[in-house]
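Working notes, beginning with the structure itself.
The values are calculated or read from the model by the stated rules, or taken from the named source; none is laboratory data. Fair warning: this is a prediction, and the values are worked out from it, not measured in the lab. Methodologically, a virtual Cβ is constructed for each residue, glycine included, from the backbone with ideal geometry; neighbour enumeration extends over all protein chains shown. To get the accessible areas, we keep the full protein, side chains included, count just its heavy atoms, and leave off ligands, DNA and RNA. Shrake-Rupley method; radii C 1.70, N 1.55, O 1.52, S 1.80 Å.
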Amino acid sequence: MQKKKTYLGIDLGGTKLLIGEVDEEGKVLRSKRYPSLIASGASQTEVMKDVVKCIEDYLKEYMLVPGEDFEAIGMGMVGRVDPEEGLWLEIQKPRMETVRSAEILSERFHVSSGIDNDVRSGAEAERRFGKAKGCDDYIYMNIGTGIGAAFVNHGQMLTGAHYCGGEVGHNVVNINSDVQCPCGRMGCAEALASGMGLHNRAVSLRQEYPYTALVFPEEGRIDGRKVFELAEKGDALCIRLADDAVKAVAGLLENFLWLADPEKIIMGGGLITDGRILERVQKLMSPMSTRFLKDGIEMTGLDSDFVGLVGAAAVGIRTLENRRGKE
Ligand SMILES: [Zn+2]
């Protein structure tokens with residue numbers, strides 16, 4: 001039996017760096033978690049140096065030889081990324097330098113390497129291993145700390161001129177809203193329905209609801225998933241937050257349908273995967289907007305702990321295929 005092809009995935013998040021081997025069917029063979037330097041405020045150059053060190057550690061620990069034990073490296077990362085040139089353009093303002101990340105990896109490890117941002121990597125995982133397999137027109141939307149989406153139209157993934165395409169959280173979904181978003185607009189979907197948005201709103205409304213059961217930790221954010229759980233139990237603050245979030249997500253998705261006319265919409269991210277939101281969102285969407293979505297709004301079938309890693313590997317495979325196609 002022929003050995004399955006293997007790829008090295010690097011999932012670079014704000015707080016964690018996950019390195020692992022993924023086979024050609026999307027199965028995670030092994031992985032190791034490292035801390036990410038991004039949260040510490042390090043520059044992109046420092047973060048990249050650390051990523052290289054962690055890969056070296058991983059290869060040493062499992063005695064892996066690039067080119068023999070894996071065919072390519074793919075990295076999915078936070079921030080603005082030019083996947084064609086393999087450039088990491090920024091983490092977020094003011095951390096904006098152009099780092100030739102893909103080139104750094106291929107020069108050091110002597111295999112084809114590719115990078116993309118985390119949301120587009122998730123969409124790549126869906127296309128290669130998940131519910132978008134064989135589908136050329138789909139949208140992948142992720143709701144976690146923020147809200148991001150990847151749009152694939154006739155097989156092409158939208159990136160935009162500055163690789164900001166898909167930052168859909170800053171679509172206004174309520175023109176009469178008094179909820180301020182950090183981007184400067186009022187009533188953005190992200191300010192109403194993301195993990196960060198729910199936290200900020202809960203904090204600002206807390207005085208009005210002294211009897212809420214929602215826990216406000218000393219440090220860090222409220223648990224966004226709890227908002228939906230407590231709303232079902234009748235907690236007034238959580239009902240208000242959850243109702244607005246559900247309306248915001250439904251409005252956002254309907255806007256997408258009219259904009260992009262996809263075959264499928266697949267949702268992922270920490271706030272979605274427990275399923276409480278999706279059912280309510282679908283009920284609010286008009287049959288006219290959803291008439292071409294034969295499977296409704298779908299939840300990712302991929303393991304949320306590893307979707308970043310599997311997506312990174314899928315980006316590595318895509319880069320390798322594109323390079324071979326050009327040769
Ligand atoms: Zn905004």
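Points to keep in mind about this one:
- Under a 5 Å amide H cut-off, with hydrogens placed 1.01 Å from N, residue 87 pairs with 82 among residues at least 5 apart or on other chains.
- For the chain, the 222 nm mean residue ellipticity estimated from helices alone, with every DSSP H stretch of n ≥ 4 adding -39500 (n - 2.57) and the total spread over all residues, rounds to -11500 deg cm²/dmol.
- Charge context of residue 214, other residues only, Cβ under 14 angstrom, K/R +1, D/E -1: +2
- The mean sequence separation of alpha-carbon pairs under 8 Å and at least six residues apart, normalised by the residue count of the chain, gives a relative contact order of 20 percent.
- For the chain, with all protein chains in place and a probe radius of 1.4 Å, 49% of the accessible heavy-atom surface sits on carbon or sulfur.
- Taken per residue, the accessible surface of the chain reaches 49 Å², heavy atoms only and a 1.4 Å probe.
- Taking θ as phi - 60° and the Karplus parameters 6.51, -1.76 and 1.60, the scalar couplings of region 26-36 work out to x, 8, 7, 7, 5, 7, 9, 9, 10, x, 9 Hz in sequence order, x denoting glycine and proline.
- Of the cross-linked pairs 5/326; 226/283; 131/226; 27/53; 60/326; 53/93, those separated by over 29 Å at the C-alpha level are 60/326.
- The largest-to-smallest principal axis extents of the Cα set in region 1-57 are 47, 17, 15 Å.
- Gain upon complete extension [residue 204, residue 226; 0.36 nm per residue less C-alpha separation]: 6.2 nm
- Spin-label model, residue 158/residue 42: points 7 Å from Cα along the beta carbon direction are separated by 3.4 nm.
- For the chain, the longest principal axis of the C-alpha atoms and the axis of helix 195-205 are separated by about 30°.
- Label separation (residue 53 vs residue 305): 2.7 nm, computed from points 7 Å beyond Cα along the C-beta direction.
- With a Förster radius of 35 Å applied to the C-beta separation of residue 324 and residue 32, the computed FRET efficiency comes to 0.75.
- Counting every alpha-carbon pair across the chain, the share separated by more than 39 Å comes to 14%.
- Most fluctuating residue given options 22, 246, 47, as computed from a GNM of the chain linking Cα atoms under 10 Å: 47
- Over region 32-149, relative contact order from alpha-carbon pairs under 8 Å, at least 6 apart, %: 20 percent
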